Amino acid sequence: MLTRKNQVSLSADEKSRFIAAVLALKASGKYDQYVRVHRDAGHAAHRGPAFLPWHREFLRRFELDLRSIDPSVTLPYWDWSVDNSPSSSIWNSSFLGGNGRTSDGKVMDGPFAFDAGNWRLNHVVPPEDPSPFLKRQFGRSAASLPTPASVTAALNETPYDVAPWDMTSSSGFRNRLEGWISGPQLHNRVHLWVGGSMVPITSPNDPVFFLHHCFVDKLWAEWQAMFPDEGYLPSSGAHAGHNLNDFMQPWSNPWQPWNDVRPADVLDHHALGYRYDVVGDLFTAPRMLLEDAFGYETGDWRVERHPRFLADLTGDGRADIVGFGNRGVYVALSNGDGTFQSLEGVLDGFGYEAGTWRVERHPRFLADLTGDGRADIVGFGNAGVHVSLNTTQ
Amino acid sequence: MPHSRETYKGRSIVIEEPEDEARLSEGKPSLAIDDQRVNVIQNPDGTYSSEGLYYTKYASLPELARAIIDSYPCEDEPLSS
């Protein structure tokens with residue numbers, strides 16, 4: 001299975017191989033097919049539920065074409081919520097090149113600068129922008145890139161989409177991430193912040209398009225992992241091409257006969273043969289699943305006074321939370337799905353005030369002493385070992 | 001079709017909109033900048049976008065036209081190749 005990496009973690013060799021493969025695809029004429037297909041797709045690929053699956057398939061095909069040139073290449077992603085500066089390494093002249101010049105946005109450095117001789121835009125949007133050279137105008141159309149908080153807010157939004165299943169949908173993960181809600185935000189905002197050639201429908205003219213959409217795809221994968229019971233919506237009622245089992249359009253020329261891909265076919269990205277290097281595949285993004293408990297501010301829990309452990313107290317094979325607080329032992333039992341029951345005080349003892357137990361002198365542990373599969377408490381006090389057996393039934 | 005004309009930053013904007021509701025549902029308004037027609041996108045919430053400004057929207061056609069002119073000024077240098 002391929003692993004798509006954050007672009008900041010690519011080695012110099014990996015970056016140069018990626019650039020070389022993109023330039024070779026451009027020289028072959030195939031790169032421009034991607035620009036044309038994206039332009040011709042229009043609303044079939046945007047402003048509706050198929051936004052995410054359509055681009056997942058688009059990126060998958062692009063990655064396969066790059067790998068036909070260099071099998072070591074995979075698509076990198078650009079986490080624009082973190083690497084959010086014009087001086088971020090993604091814009092180095094040895095990678096994607098930097099901002100355009102002030103007068104007209106023309107990119108003057110890097111492998112995709114027009115003057116370097118390898119990057120002429122062949123599909124543009126006359127009369128608005130007939131320029132054949134790559135442009136970037138950082139921050140001109142949007143002052144800043146989306147924040148990590150806005151990404152988190154989108155990741156916490158369910159369901160996948162809501163009626164009327166278009167850019168006016170007032171909630172839902174898809175329209176939040178695409179960026180039409182209180183927009184332009186998130187995906188749309190990134191296009192605008194980069195500016196220049198990323199602003200029109202021919203935005204794949206700028207190779208950063210693929211790194212941007214790779215991160216959008218990663219966020220979708222994370223959301224899917226966070227909400228495995230929240231499926232794709234809708235199965236009907238959206239515009240043609242946007243329903244679960246519609247064929248997405250236009251997967252026509254120049255890519256026939258591959259015009260048989262539905263959103264349902266691309267929901268499982270592992271089945272498509274790739275994974276992401278971090279969150280979403282090994283772990284879901286962090287969420288707070290037990291509020292007002294065991295926290296630095298919610299309860300004044302301190303590392304130097306109040307050790308906290310994970311142990312199975314009920315014998316169900318699932319870790320529960322055990323904390324040694326000021327007045328004794330507190331637990332939050334696992335519900336078995338990552339959530340916990342409310343914090344409950346269960347024992348007056350082994351505490352900072354109840355017994356004057358100190359972290360630096362009196363270690364406390366949880367271990368099954370009786371073989372019943374339930375953790376008991378063992379504390380090493382001033383005069384010896386203290387045990388509290390688990391009486392959970 | 002009613003016309004509206006204005007000059008913005010030295011460039012001409014001409015907008016033609018369908019006259020009545022029936023025609024509005026059939027046709028779409030046309031926008032020309034410097035006598036060149038722009039492909040206007042009518043959004044379902046009544047806003048407008050264009051192929052050149054695809055990832056955002058504007059409340060009216062004049063606003064879209066001015067944004068296009070702001071985004072795509074006529075200052076392209078002669079090409080050397």
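Taken together, the values in this text are just the output of simple stated rules run on the coordinates, not laboratory data. Quick caveat: nothing in here was measured; it's all calculated off a predicted structure. Note that each Cβ is placed from the backbone with ideal geometry, even for glycine, and that neighbours are counted across all protein chains shown.
Here are a few things to note about the model shown:
- Shown for A:M288, A:M248: other C-beta atoms within 10 Å of each C-beta, ranked fewest to most, produce the order A:M288, A:M248.
- Spacing of the two label points (7 Å from each Cα toward its C-beta) at A:N118 and A:D40, in nm: 2.7
- The slack between A:S11 and A:H270, meaning 0.36 nm per residue of separation minus the straight C-alpha distance, is 90.8 nm.
- The calculated FRET efficiency for the pair B:R37 and A:A27, based on their C-beta separation and a Förster distance of 22 Å, comes to about 0.05.
- Gain on full stretching of the segment that runs from A:V385 to A:T3 - 0.36 nm per residue minus C-alpha separation: 132.6 nm
- Selection from A:F133, A:G97, A:T202 lying farthest towards where the dipole of chain A points positive, charges on Cβ: A:F133
- Cα shape, segment B:3-71, gyration tensor, a/c 1.5 rule: oblate
- Long-range amide H partners of A:F340 with built H, under 5 Å: A:N335
- Length-normalised contact order of segment A:64-110 in % [C-alpha pairs under 8 Å, at least 6 apart]: 21
- Over chain A, Cα pairs under 8 Å with separation of 6+ residues give a relative contact order of 14 percent.
- As a ratio to 2.2 N^0.38 Å, the alpha-carbon radius of gyration computed for segment A:1-153 takes the value 1.08.
- Pairwise alpha-carbon distances in chain A exceed 36 Å for 39% of all pairs.
- In a fully extended conformation the segment linking A:S68 and A:S87 would gain 3.6 nm over its present Cα-Cα distance, using 0.36 nm per residue.
- In summary, the lysines within cross-link reach of B:K57, defined as a Cα separation below 29 angstrom excluding same-chain residues under 8 places away, comprise A:K106, A:K135, A:K218, B:K9, B:K28.
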